[in-house]
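In what follows, a structure is listed as structure tokens, so that the remarks can point back to it.
The values are calculated or read from the model by the stated rules, or taken from the named source; none is laboratory data. Remember, it's a predicted structure, so these values are computed and weren't measured experimentally. Cβ placement follows ideal geometry from the backbone for every residue including glycine, while neighbour counts extend to all protein chains displayed.
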Amino acid sequence: MRAEGQGRLIAKVATSRTIFVAGAGIGGLAASLSLAAKGFRVVVLEKSERLEEAGAGLQLSPNASRILVELGLQERLGTRAVTPDAICIMSARAGGEIARLPLGQAATFRSGAPYWVVHRADLQSALQAEVNDHPDIDLRLGCQFEDVVPHAKGLTVVQRSGTARRQELAVALIGADGIWSSVRHHLFPEIQPQFSGLIAWRGTLDATQLPREYTSRRVQLWMGPDAHLVAYPIAGARQINVVAVLPGTWNRPGWSAPGDPFEVKNALVQAKWPGPARMMVGTVDNWRKWALFTVADSGQWSSGSIALLGDAAHAMLPFVAQGAGMAIEDGAVLAKCLAEAGGEAATDIAAALKRYGRLRRSRVARVQRAARQAGWIYHLTGPAAIARDFTIKAMGSQRLLARQDWIYDWRV
């Protein structure tokens, strides 16, 4: 075969296995690794010039960490992630701990994968390093999705870098570009994020700033009147990540607006939260706030050869710590469906993406409902809070942990 003919054949094969992913957040990078592991060539478009993950910490339960381990990330995350010994459920009304869910090595053995808490920047850095090392993934920073045109051969994806525009053929486009997704707007402009009426205040502090009894390797979940507080170690347990969720009307889009520390402190003082919780909040100097928006599961996950993933499809309240986990699961299921497609024609790709949506829809909707219910339970007041605390104590740690099995034991 002549060199020119060989070049055309190679280009055709490459195009027939090329998938574009819009967005290089946690979901987009994890999805690109899952797709590449199934033999696809992946182009990741990210409008930011550098990857700087907003926010602070996140929790990765075994359903998500299992996928990351299978993708080869355990070594990169081993020194950065923390495996907490327990989740401690704390009551502001009772003044302290009312239940403890054992994690650590026991939970790793039980689920076959670790429960990790990790700084978002550390996770994104590990994912980016793995992506950069993969020969079949092309990460394009400072390059954003602009438009997509379906046709008989697949898709033409239009991208822009500065003033330069570029068009390339692909078999599929995946919108992993977050809650304010450009890909979703292109597909389903009628679907808009809805403000929940809640604001998450986030900050970190050095572990050395607190007494030792407050810095053990545990996740603390403080439930209080119309608010709750979560704290856990990150960055190899050198820092403590603190998140306070309070009602409010401020609802600007974005992940990391500056926040007035006195607003958080005063809310806990006025509600008479116990000293340990107020001390932890009072130690954080630099608060960032994030208005909590959600995207209702409308059942529309794909159209033709274009699909949505993670927050673009189903942004949820973070009250069962599954936002990142659901995005990571999405990517694994998406890759499996595309790999099992009957062919690489547009009809085969479209059918695979529809199957992906069918497989994910009920689980994600259940997690969304669980998150809404958890927020309602955490924020109970008066006699309802007393009944809640009594019920949690009566259930005991093992029964409480077993209630999470449907989330933690999921596999692709």
(request) Have a look at L103, L45, L73 and point out the one that is buried (at least 18 other Cβ atoms within 10 Å of the Cβ) and touching a Leu at 6+ places or on another chain (Cβ under 8 Å). (result) L73
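Per-residue answers, yes or no, for (1) of a type in the set (G, A, S); (2) on the phi < 0 side of the Ramachandran plot; (3) more than 20 Å from the chain's Cα centre (by Cα):
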{"residue": "N63", "(1), (2), (3)": "no, yes, no"}
{"residue": "R66", "(1), (2), (3)": "no, yes, no"}
{"residue": "L73", "(1), (2), (3)": "no, yes, no"}
{"residue": "T83", "(1), (2), (3)": "no, yes, no"}
{"residue": "A86", "(1), (2), (3)": "yes, yes, yes"}
{"residue": "R93", "(1), (2), (3)": "no, yes, yes"}
{"residue": "F109", "(1), (2), (3)": "no, yes, yes"}
{"residue": "D133", "(1), (2), (3)": "no, yes, yes"}
{"residue": "I137", "(1), (2), (3)": "no, yes, yes"}
(message) Need the failing condition index for V264 against (1) part of a helix (DSSP H, G or I); (2) within 20 Å of A370 (Cβ to Cβ); (3) not basic (K, R), just the number.
(response) (2)
(request) Could you pull out every one of the helices (runs of 4 or more DSSP H) wholly within the stretch 1-112 that has 3 or more residues that are at pLDDT 95 or above and in contact with a strand residue (DSSP E or B) (Cβ under 7 Å, 6 or more places away or on another chain)? (result) 26-37
(request) Return only the number of the condition from (1) under 20 Å from G331 (Cβ atoms); (2) surrounded by fewer than 15 Cβ atoms within 10 Å (Cβ to Cβ) that T381 does not satisfy. (result) (1)
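Within the stretch 221-261, which residues are among the hydroxyl-bearing types (S, T, Y) and either surrounded by fewer than 22 Cβ atoms within 10 Å (Cβ to Cβ) or part of a loop (DSSP other than H, G, I, E, B) (or both)? Spell out the reasoning first.
Filtering the stretch 221-261 for residues among the hydroxyl-bearing types (S, T, Y) gives 232, 249, 256.
Residues satisfying the conditions are T249, S256.
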(message) Checking G325 against (1) farther than 23 Å from L71 by Cβ; (2) among the small types (G, A, S); (3) under 21 Å from the mean Cα position of the chain (by Cα), only one condition comes out false. Which one?
(response) (1)
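Assess whether G331 counts as being part of a helix (DSSP H, G or I) and farther than 22 Å from I19 by Cα.
Working: part of a helix (DSSP H, G or I): yes; farther than 22 Å from I19 by Cα: no.
Spelling it out, it is not the case that G331 is part of a helix (DSSP H, G or I) and farther than 22 Å from I19 by Cα.
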(request) Quick one: count up the residues across the stretch 130-166 that are closer than 30 Å to G78 by Cβ and in contact with a Leu (Cβ under 9 Å, 6 or more places away or on another chain). (result) 9
(request) Examine the stretch 335-346 for a residue that is on the phi > 0 side of the Ramachandran plot and either in contact with a Phe, Trp or Tyr (Cβ under 8 Å, 6 or more places away or on another chain) or crowded, with 21+ Cβ neighbours inside 10 Å (or both), and state whether such a residue exists. (result) no
(request) For R366, indicate whether it is under 17 Å from the mean Cα position of the chain (by Cα), part of a helix (DSSP H, G or I) and surrounded by fewer than 17 Cβ atoms within 10 Å (Cβ to Cβ). (result) yes
(request) Specify which of the listed residues (F319, F390) is buried (at least 17 other Cβ atoms within 10 Å of the Cβ), aromatic (F, W, Y) and either within 21 Å of the chain's Cα centre (by Cα) or at negative phi (or both). (result) F319
(message) Between A81, A64, which is crowded, with 23+ Cβ neighbours inside 10 Å and touching a Ser or Thr at 6+ places or on another chain (Cβ under 9 Å)?
(response) A81
(request) Kindly indicate the residue of the stretch 153-169 that is among the small types (G, A, S) and out of contact with any Gly (no Cβ under 8 Å at 6 or more places or on another chain) and also nearest to H186 (Cα to Cα) among those meeting that condition. (result) G154
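Between S196, S125, which is assigned to a strand (DSSP E or B), surrounded by fewer than 21 Cβ atoms within 10 Å (Cβ to Cβ) and under 21 Å from the mean Cα position of the chain (by Cα)?
Working: S125 fails: assigned to a strand (DSSP E or B).
Just a single option satisfies the conditions, and that option is S196.
Among the residues that make up the stretch 101-120, is at least one of them over 30 Å from K393 (Cα atoms) and of a type in the set (D, E, K, R)? Break it down into steps so the answer makes sense when it comes.
So in the stretch 101-120, the residues over 30 Å from K393 (Cα atoms) come out as 119-120.
Checking the rest, the ones that are also of a type in the set (D, E, K, R) come to 120.
Scanning the stretch 101-120, I find at least one residue that is over 30 Å from K393 (Cα atoms) and of a type in the set (D, E, K, R), so the answer is yes.
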